[in-house]
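The block underneath contains the structure these notes are about, expressed in structure tokens.
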């Protein structure tokens, strides 16, 4: 392995991507695998440079009377343009010393100016589970293929002015210009808009998540099998792990066309509620091309309408026990629907523009089928990923819990539901209602802004959430557990503690993001980053780095406790959810470290614990 040439902390000069100009930078770190140096310019910009793009200070001869060069966005007082000059204007001294022939050329081109700028290609960068923790939007790199095309713009008083992101202080030999009066100069400088050229580049094999291609293969085929084994174990009289594996039914017994039709009807009803013109419309986070998609927030209204429909069906005597008796068939129907939807999403993604593809896509067919190629697949204004994120699965979870409550009363001949079943239903109902009431928060999660819509999210939203998250209620139908009121009180306190942490952390972060200058938040301490954003280091976010995850896990434990301790099966959800959030936290950590650099290291020193205080 070749040795590194420059040490951490060394001050050198680094070439700005897309130009031949070098600026003073500080070496932050070195990646021995990619042989890239992470450097920091004087204005705080952090980039990754190749060793060939870095020179020691001794390689440059100090200009007479010149000052040390700073990063492109901070150059002032040098021979480069001043703020009041147009980007393509030469200094006055240079214009006075021009030859007579050059002056003639300027006069001939008096009516227009042509500015050739070299676009700086930026690689989009995605983030972790959510932007709750300041997840990064993108990171600038110079190791991706640059699109060495030049764009030519004709600027005049009557035209609109657009420029690409350019390398600092364009060289004279790259520019032909004419004289413009001072009024026009100020207009151009003030009104010039900036357009960045992005290139969606597949992520490298070493950056693939979930164990890469072998990992996603095992997940895609293993999770559905595990789901059915778990449900079959729960239906046994003694669901002990010693009785694994459970008796397996014939495959033809698991498929019923009528069940698939009912599931399809459920999906279409939720889609209809989604399309209703009720609820406010908000904009999502900026995409890599600067667009902000619009979303209608009517999830809570959809829940109210669904409750009205279910109540009407109960009043009319509809037999909901049918869902319990065909629970495995409904799980299979949802799985089949998920696979069909995933195939459709993968196929249609090849017709999508490159700017609409997910930054998580890799170029590998199996991996991209799993993670999703297209970031925000839409049919007209119908956003498929956003719809599936909260509607069919999350509301379906509550409906399934109600079905299990009714099944318990019927099978166990109860006049009223058991206290354990009431606790499970109440705890999980609060969780779902909170998510729907705060629907806008989902727009900043990793699922929406980073991951494409493929098998992973489709299976998670449409199958895993409704059929695994309702597992405690499903368990109590066949395995009743009596809970005393003192124990129930302790469970309620635990649930409320988790909810206060979860909601308090999310609300505090959301309020800070919307208005960091809010006087109500003036007591919060922050760390400023080179991106211009601040990291919260007090309040809930000074307790642990992911207090919302901690609250989530406490609530998960609270709604598992009513099932008792006769079997470990009801606590599968707690174990699974812990593994999920630890994995997501690792994804957050990796991306935030690349995004914020030294500031993130300072934050980690101030807040050493990730999820569990004094433990992890």
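The values are calculated or read from the model by the stated rules, or taken from the named source; none is laboratory data. This one's a predicted model, so the numbers in the text were calculated from it and none came from an experiment. Here Cβ is always computed from backbone atoms with ideal geometry, including for glycine, and neighbour counts include all displayed protein chains.
Quick notes
- Within region 379-391, being in contact (Cβ under 8 Å) with a residue 12 or more places away in the chain and part of a strand (DSSP E or B) holds for 382, 383.
- Matching residues, region 403-427, being free of Cβ contacts under 8 Å to residues at least 60 places away in the same chain and either in a helix (DSSP H, G or I) or not assigned by TED's automatic domain parsing to the domain that holds residue 324 (or both): 409, 422, 425, 426
- Filtered residues of region 219-250 (kept if loosely packed, with under 12 Cβ neighbours inside 10 Å and either closer than 18 Å to residue 404 by Cα or out of contact with any helix residue (DSSP H, G or I) (no Cβ under 9 Å at 6 or more places or on another chain) (or both)): 221, 222, 225, 237, 238, 242, 250
- Failed item in (1) closer than 23 Å to residue 222 by Cα; (2) buried (at least 21 other Cβ atoms within 10 Å of the Cβ); (3) within 23 Å of the chain's Cα centre (by Cα), with residue 330 passing the rest: (3)
- Residue in region 519-526 that is under 23 Å from the mean Cα position of the chain (by Cα) and more than 20 Å from residue 469 (Cα to Cα) present: yes
- If the condition is being surrounded by fewer than 22 Cβ atoms within 10 Å (Cβ to Cβ) and touching a helix residue (DSSP H, G or I) at 6+ places or on another chain (Cβ under 9 Å), then region 413-427 contributes 414, 415, 416, 417, 418, 419, 422, 426.
- Restricted to region 205-291, the set of helices (runs of 4 or more DSSP H) holding at least 2 residues that are at pLDDT 90 or above comprises 212-235, 257-275.
- Among (1) closer than 27 Å to residue 450 by Cα; (2) surrounded by fewer than 18 Cβ atoms within 10 Å (Cβ to Cβ) - the single one residue 319 does not satisfy: (1)
Residues are listed down the side, and each one gets a yes or a no for (1) within 22 Å of the chain's Cα centre (by Cα); (2) under 23 Å from residue 513 (Cβ atoms):
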residue: 422; (1), (2): no, no
residue: 436; (1), (2): yes, yes
residue: 462; (1), (2): yes, no
residue: 467; (1), (2): no, no
residue: 475; (1), (2): no, no
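- Test for residue 228: is it under 28 Å from residue 374 (Cβ atoms) and either out of contact with any strand residue (DSSP E or B) (no Cβ under 6 Å at 6 or more places or on another chain) or touching a residue at least 24 places away in the same chain (Cβ under 8 Å) (or both): no
- Residue 18 vs. criteria outside the structural domain of residue 597 (by TED's automatic domain parsing), buried (at least 19 other Cβ atoms within 10 Å of the Cβ), out of contact with any strand residue (DSSP E or B) (no Cβ under 8 Å at 6 or more places or on another chain) and not in a strand (DSSP E or B): yes
- Residues in region 561-616 that are assigned to a helix (DSSP H, G or I) and in contact with a strand residue (DSSP E or B) (Cβ under 6 Å, 6 or more places away or on another chain): 599, 602, 603.
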